[in-house]
Amino acid sequence: MESNRHDPVTPAGTVVVGVDGSKPSDQALDWATEQAALEHRTLTLVHALGPMGTSGTAWLDQAGVNRRDILEAMRGDGHDLLDRARERALRRHPHLEVREVLRMVDPREALLELSQDATMVVLGSRGRGPVRSLVLGSVSAGVSRHAACPVVVLRPRNVGVVRRGVLVGADGTPRSRASLEFAYRQASLRRLPLTVLHCFWDAAGVSAASRIVAAGEEGVEDERLLLAESVSGMTEKFPDVSVRLELARGLADDALVRLSQQMDLVVVGYHPMRPLAGLVYGSVASTVLEHASCIVAVVPEPDVAVPAEATPDTAADTARDTASDTGAVEELSAPDVPA
């Protein structure tokens, strides 16, 4: 066992997890601990107290309160919290290398900075207070949009539901490779089946909820070819992963939220898009993070320029492209329930 207390220097490739002592934070810590052990990586525990070092505590001096004493007490509480988190992690994996980071900055600032060298950032879905929490929804959303590495958010889940593994979308472009590889790797590490799905928009999907395309359905040969090409090379790289390729009609947010009820993990790619499409995609990402019934991983993907001749001329074309590009991550028998 090697543990470096309160070390602000984190090694490259570390698994970063935000901790604040809440139940969602503990769930995120347990998941991150397992991930670090599976990948033989360092686990970095992060707790941020907020920007309390300057103007945030100026009022204490005016009230006759010793600001230094308050800040030292806050730091002491933060170190104690981190130590308890470290002990929890080491109970599960005694040989894990653990680092602790305490920052007097906004949680998003701390996490985004650490994401530059991390392999992933792990957060719970909500915390316990606007200052102490690293895992408030606004923090999860903000970090997932701007982090330099994948962000995993431990969403609340229904107990007793049979789960069907990892779900990831593919849009047939190089930018989706990062999401695909992340999903394959998680399926391999955690010995889970993987569903790779391409969601597309056509006239049949306009008036109906998202649905899986039947295996023998005709007229979707191009979509099937695109999906097969998307996973080219992944089977050779991850031969132990059991994979299903599926097509679905409909919008990504509807598909993801509905089908998350059956999944262990949903993987969503995030990348810059055209202005209108970006608005549509942004709503997909935020909807999944807010409403999914399983763990959600948001993977940053490289921006790929869209050829001028391929740029849609209408809002309807843009929405249709977005439904396909975001690769609604989905699985076979979707529950017929409202998203």
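The values are calculated or read from the model by the stated rules, or taken from the named source; none is laboratory data. Being a predicted model, the structure only gives us computed values, none of them experimental. Positions of Cβ are generated from backbone atoms using ideal geometry, with glycine treated the same way; all protein chains shown enter the neighbour counts.
Filter the strands (runs of 3 or more DSSP E) completely within the stretch 221-319 down to those with at least 2 residues that are within 21 Å of the chain's Cα centre (by Cα) and either under 24 Å from N158 (Cα atoms) or at pLDDT below 90 (or both).
The qualifying strands (runs of 3 or more DSSP E) are 265-270, 295-300.
Residue check, S55 against (1) modelled with pLDDT under 95; (2) buried (at least 16 other Cβ atoms within 10 Å of the Cβ), all met but one. Which one?
Here S55 clears every test but (2).
Quick one: which of G160, G142 is over 20 Å from S232 (Cα atoms) and assigned to a helix (DSSP H, G or I)?
Just a single option satisfies the conditions, and that option is G142.
Does S138 satisfy being assigned by TED's automatic domain parsing to the domain that holds L71, at pLDDT 85 or above, out of contact with any Phe, Trp or Tyr (no Cβ under 9 Å at 6 or more places or on another chain) and not charged (D, E, K, R)?
no
Quickly run through the stretch 136-182 and pick out the residues that are buried (at least 18 other Cβ atoms within 10 Å of the Cβ) and acidic (D, E).
D171
Give all pairs with beta carbons closer than 8 Å in which a residue from the stretch 1-25 that is among the β-branched types (V, I, T) meets a residue that is modelled with pLDDT under 55 and surrounded by 13 or more Cβ atoms within 10 Å (Cβ to Cβ); count only pairs at least 6 apart in sequence or on separate chains.
Within 8 Å, the pairs are V19/L134.
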